[in-house]
Amino acid sequence: MTPKPAGQLSHARPDRRGWFWRALLIVALLVALPAAAPSLEAPEIPSAQVEVDGNGLFQVRTSKDFSAEQRVDAANGLLQRAAETPRAAVIEVVERNELPVITLNGTSLLTVTRLDAPEGVSLEEQAEAWRRRLEEALEQARLQRKPTYIRSMLLRSLLLLLGAFLLQRLLGTFFRRAFTQAWPQPGPDGNKKENPGGTGLLLRGLLRVLQAALWISVAGTVADLFPISRMGLQRLRGALSDSLASPFLPLGERSYSVLDVIVLITLFLALANGLGMLRRMLRTRILQYTGIGKGNQEAIAFVLQYALLFVGSLVLLQLWGLNLSSLALFASVFGVALGLGLQGITKNFISGLIIIFERPIQVGDFVEIGELQGTVQKISLRSTEVVTLDRISIIVPNSEFLESQVVNWSHGSPTSRLILPVGVAYGSDCNAVRNALVEACKGYSGILQEPKPSVFFTGFGDSSLDFSLLVWINQPMRQYEIISDLNYRIEALLRRREITIPFPQRDLHLGGESLQLALPPELSAGLQALLAGRAGESPVAPPDQGVP
């Protein structure tokens, strides 16, 4: 397969499974969360549950003299002591003050009132039904405390835990084989590499949720097999329910619980995720075929997403029953926080809005800010993502683009001029140099032929005659590649024409007839001794050769 050139847009079909899973998650949230929303109907009569060993039996309503919790606390204490007693308990229904009373071993347990009996059921029938239910619960409690039952339940617990372990491994194997692209794959160097995109993260998250739900379900089932663990689990559920359902945040005429806040935050997250999907769909499925620029597409999708997010947030708050006028105090406190501790975030936020609407930079622009050069990949409210020529993503605060000097090579028009300095040795033919530089530009596709390349004789340097080659390009991202290619061509042409490119040279001229040197004392003394020794030596006379 022929690789695509750098910078060419890919028209590959988008991953539909990623859209499917995201849409499925949002639909599940929107379907499940309204059930957890606070009810706007009139509150029912308070009630409490009678239970034995953590098993709920029936609900008791508030009476004329006692609350539901007071009635249940006394009855549950007596029933639990009876459940832990080996002998059988006697439960009867007697009439006192013209009301049926359920007794446990002769002690009053519960008085059945008109509020306890549903429509069409007499008090005596309700009392008898409760009596039978209590007898069955106490008999079951005695059976569950026998050693034979405990041994059988321990064996069942081990089987459940083993089954949960095997099912967890089976789930993991199925997901890894069915969705191979969601897991990191080994690269050429042997290291596992993460696949791009959010589909893999979503699938792995779904697998972890299913595995966690499996273990929680099995743990609850095992705990429900034994009375002691069942009571502990029931107390834990009651504590969590009380803590989550207890109002703690008064706003306007109503107080909100932790569960209300969690559900509201989850709805906001679902709204934000849905609008993010809408933004991507709008950019890839609609705006891409309108013919407008990439930067304009990003700006339109950005403004639409956050406008819908603002309106949707107001609608959610209104539907949740929150009066927006009650947020005046919160808004004032938030304004003070913005002025004191969130100055940097606020500054970047406002800078992002200015960049989006004024558009000094756009997605796809090649910019230079300080020592950073790269292509604008994404503009958000707080920061801008710039991808450098080394394919490294740099997150730049939006305020940097407004407070510092920014070179936008693509603003208005991507056409720009490059200057290549060239130096040749003194004595070279200047016309030959100009012709060589112009010839180096001919036939090279990286530069524009209109305006034509030009050569300027800029001056006389210390070691060279200085020229400048001026060329025009329309691909700022390739400027370093273009400069390198032209330098290769220029060097080859100058060498072919025997035009020398000099290196820095310096000529040193010494004036006067003598040169004084300052030497270290030790070296000076040694030289003087050496010279004195040579001066004291007498020339050796040649030997007599005699007379023949």
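Where a number appears in this text, it was derived from the coordinates with a stated rule and is not lab data. Predicted, not measured: the structure shown is a model, and the values here were computed from it. Ideal geometry is used to build each Cβ from the backbone, glycine not excepted, and the neighbour counts take in all protein chains shown.
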Take peptides 349-355, 216-222 and line them up by average Cβ neighbours within 10 Å, highest first, as a rough protection proxy.
-> 349-355, 216-222
If r is the Cβ-Cβ distance from Ala525 to Arg496 and R0 is 60 Å, what FRET efficiency results, to the nearest 0.05?
-> 0.50
Be a star and scan the range 48-65 for residues whose amide nitrogen sits under 15 Å from the point 7 Å along the Cα-to-Cβ vector of Arg145.
-> 52-55
With label points set 7 Å from each Cα along the Cα-to-Cβ direction at Glu98 and Arg132, the distance between them in nm comes to 2.8 nm
Going by a ≥ b ≥ c, the root eigenvalues of the Cα gyration tensor, does the range 38-187 fall in the rounded group (a/c under 1.5), the prolate group (a/b larger than b/c) or the oblate group?
-> oblate
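What full-extension length gain, to one decimal in nm, is calculated for Arg237 and Arg434 as 0.36 nm per residue of separation minus the Cα-Cα distance?
Fully extending the segment from Arg237 to Arg434 adds 62.1 nm.
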Separation of the range 215-251 and the range 378-417 by C-alpha centroid, Å?
-> 53 Å
Which whole-angstrom value gives the distance between the alpha carbon centres of the range 482-496 and the range 96-152?
-> 101 Å
So, in nm, how far is label Ile228 from label Leu167 when the simple model puts each one 7 Å beyond its Cα toward the Cβ?
-> 2.7 nm
Subtracting the Cα-Cα distance of Leu155 and Thr85 from 0.36 nm times their residue separation yields 22.6 nm
